[in-house]
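*Asks:* If you scroll down you'll find the structure; I have some questions about it.
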Amino acid sequence: METSTDRTVEQDGTTRGTAPGFTRRALLGTAGAALVAGAGAGAAAALTADRHGPNHPPVPAGDGLGPARVGFHGEHQGGILEPQQARVQLAAFDLAGGVGRDGLRALLRRWSRTAARMAVGEPADEFDNQVALDAGPCSLTVTFGFGAGLFDKAGLADRRPAGLEPLPAFPADALDPARGDGDLFVQIGADDALVAVHALRVLQRQAAGTAALRWQMSGFARTPGATARPMTGRNLMGQIDGTNNPQPAEEGFAAKVFVAAGGEQPAWLAGGSFLVFRRIRMLLDNWEALPVDRQERVIGRRKSDGAPLGAPADAGERTPVDLAAQGPDGALAVAADAHIRVAAPAANGGAAMLRRGFSYHDGLLADGSPDAGLLFLAFQADPRKGFTPVQRKLARGDGLSRFLRHEASGVYAVPPGAPQGGYVGQTLLD
Ligand SMILES: C=CC1=C(C)c2cc3[nH]c(cc4nc(cc5[nH]c(cc1n2)c(C)c5CCC(=O)O)C(CCC(=O)O)=C4C)c(C)c3C=C
Ligand SMILES: [Fe+2]
């Protein structure tokens, strides 16, 4: 695993030299980019401790989160396999009328070039507003997705993937169309809020005349180093959320998450994925009125350590779930309507997805309740076999659904990663 701050590990495992990490903006001559490296070394050592992932080089103590970087180029796009960053910006754009295949290609070329530059902390181009000048890339990833509408508008209807059909309406959906769907989707993750917002602003300005912002949302996850040891983050209901995700090292992971070559989906999408997005508001006033043991019953896991109900006191979140386990009274330890029972692949014909959601908190609603919840994001090889059957089940029989409102929705084809010198979407457009 690469450890030097002046080299980038690309997703294909190759390394690439760059100007020494934190001072590269100054080397590039960007105005105002005289940078201070190594501040707060002691705190930084802790902050960087849990940022390691398959495509994510460890950062030596003393450099903080700033210089950490995720290579833009590779087999898959960034922002899928890496550990979640502390901040996310989600946005969707609609193509302007009359923008055909060539206009779309020009935009994606430009966006890819810019995302690759920003991922190593370089300024974008003339549209860079210089608001993140003194920050490193902070593990910036930019992930692009294509909505169903894009294919008709760009004259590519014959290349629309079969998996990109609209999601069915689920019972109790309360969806706002203005905050869902969209022709082009962008997920921007970074360990610094300004870095993420800056990247979105640059992409938006570059799109002027070609694509207009349709909706935008901000989210957050745990900041690296916030806990004494690396552990799965908590959501705004206080649950450890993400434990039983498919793990990259496990057999069959790629088949669950990525589109295989030679299958039902078009060849251009091989190595890509599908992303299902749901903005799910949590009814926190109701949830927080429940005693903790009732909250645990709703999920099927302990709140303190995330261990499955019925597991021994010293079990941890990674203890395998025993859905047949019984309590002392002979009743199922994980209740029939517990979220983890209803959502489990075993209850859904093996349906699986890689969940990578972020919390949001956007103030209060008119009734004084928090406008807060989960920006649910799940990558999968085919939503018709992943998200849809699971959500069908959850909407009918999940104890958690009484505390949730699905308010916005989108499904996007996520193209494979771009090779060096290439752009995301190239396999579709060239
Ligand atoms: C359709 C898919 C899912 C939606 C929508 C969903 C919403 C949602 N989930 C939580 C909290 C937790 N979910 C957990 C596990 C879990 N959830 C899903 C699917 C959806 N969740 C799956 C497939 C699983 C794994 C089930 C298993 O195999 O064990 C957990 C437990 C910890 C974990 O494994 O992640 C929590 C907690 C919320 C709050 C929420 C909507 C806001
Ligand atoms: Fe869940």
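Bear in mind that the values in this text are calculations on the coordinates, not laboratory data. Everything numeric in this text was worked out from a predicted model, so none of it was measured. Glycine also receives a Cβ, built like all others from the backbone with ideal geometry; neighbour counts cover every protein chain displayed.
*Asks:* Where does the charge balance sit around Gln426 when Lys and Arg score +1, Asp and Glu -1, over other residues with C-beta under 15 Å from its C-beta?
*Replies:* Counting the neighbours of Gln426, the net charge comes to +3.
*Asks:* What net charge is computed for the residues neighbouring Phe185, neighbours being all others with C-beta under 12 Å from the C-beta of Phe185, Lys and Arg scored +1, Asp and Glu -1? Before the final figure, lay out the partial values.
*Replies:* Working: positive: Arg214; negative: Asp94, Asp181, Asp183.
My count for the surroundings of Phe185 gives -2.
*Asks:* Another question, if that's okay. Under the rule that an exposed site lies in a DSSP loop and has at most 11 other Cβ atoms within 10 Å, name the longest stretch of the chain with no GluC sites (Glu not before Pro) of that kind, not counting the sites themselves.
*Replies:* Answer - 252-430.
*Asks:* In Å, what Rg and Dmax follow from the Cα atoms of region 134-191?
*Replies:* Values for region 134-191 (Cα only, Rg and Dmax): 15.6, 48 Å.
*Asks:* Here's something else I'd like to know. Straight-line reach from Lys303: which aspartates and glutamates fall under 19 Å, measuring Cα to Cα and dropping same-chain residues less than 8 apart?
*Replies:* Asp241, Asp285, Glu288, Asp293, Asp314, Glu317, Asp322, Asp337, Asp398
*Asks:* Can you pull the three principal axis extents for the Cα set of the chain, in Å, largest first?
*Replies:* Dimensions of the chain along the principal axes of its Cα atoms: 70, 55, 48 Å.
*Asks:* Now a separate question. Where does the charge balance sit around Asp362 when Lys and Arg score +1, Asp and Glu -1, over other residues with C-beta under 15 Å from its C-beta? Each step should come with its number before you reach the end.
*Replies:* Numbers: positive: Arg87, Arg179, Arg279, Arg281, Arg405; negative: Asp176, Asp367, Asp371, Glu407.
Taking every other residue near Asp362 into account, the sum is +1.
*Asks:* Plugging the Kirkwood radius over Cα pairs into Stokes-Einstein for region 79-132, at a temperature of 4 °C and a viscosity of 1.567 mPa s, what D comes out in µm²/s? Before the final figure, lay out the partial values.
*Replies:* Values: Rh = 13.6 Å.
D, rounded to a whole number, is 96 µm²/s.
*Asks:* Please give me, ordered by residue number, the trypsin sites (Lys or Arg not before Pro) of region 353-421 that lie in loop per DSSP and have at most 13 other Cβ atoms within 10 Å.
*Replies:* Qualifying residues, ordered by number: none.
*Asks:* To continue, here is another question. For the chain, modelled as a Gaussian network with Cα springs under 10 Å, which listed residue fluctuates most, Leu364, Leu133, Leu283?
*Replies:* Leu364
*Asks:* Next question, about the same structure. Which of Ser218, Ser112, Ser304 ends up with the largest GNM mean-square fluctuation for the chain, with Cα atoms connected below 10 Å?
*Replies:* Looking only at Ser218, Ser112, Ser304, the biggest GNM fluctuation is shown by Ser304.
*Asks:* Using only Cα atoms, what is the ratio of the radius of gyration of region 269-423 to 2.2 N^0.38 Å?
*Replies:* It is 1.19.
*Asks:* Also, quick follow-up: Based solely on its DSSP helices, what 222 nm [θ] is calculated for the chain when runs of n ≥ 4 H residues each add -39,500 (n - 2.57) and the sum is averaged over all residues, nearest 500 deg cm²/dmol?
*Replies:* Numbers: 11 runs with 90 residues, N = 430.
Result for the chain: -5500 deg cm²/dmol, rounded to the nearest 500.
*Asks:* If you take the alpha carbon radius of gyration of region 170-318 and divide it by 2.2 N^0.38 Å, what ratio comes out, to two decimals? Mind dumping the intermediate values first?
*Replies:* Values: Rg = 19.5 Å, N = 149, 2.2 N^0.38 = 14.7 Å.
In units of the globular-protein estimate, region 170-318 measures up at 1.32.
*Asks:* Only Cα pairs within less than 10 Å get springs; with that Gaussian network setup on the chain, which residue of Phe170, Phe146, Phe72 has the largest fluctuation?
*Replies:* Phe170
*Asks:* On to the next question. Going Cα to Cα from Lys256, which lysines come in below 18 Å? Please leave out same-chain ones fewer than 8 positions away.
*Replies:* Lys385
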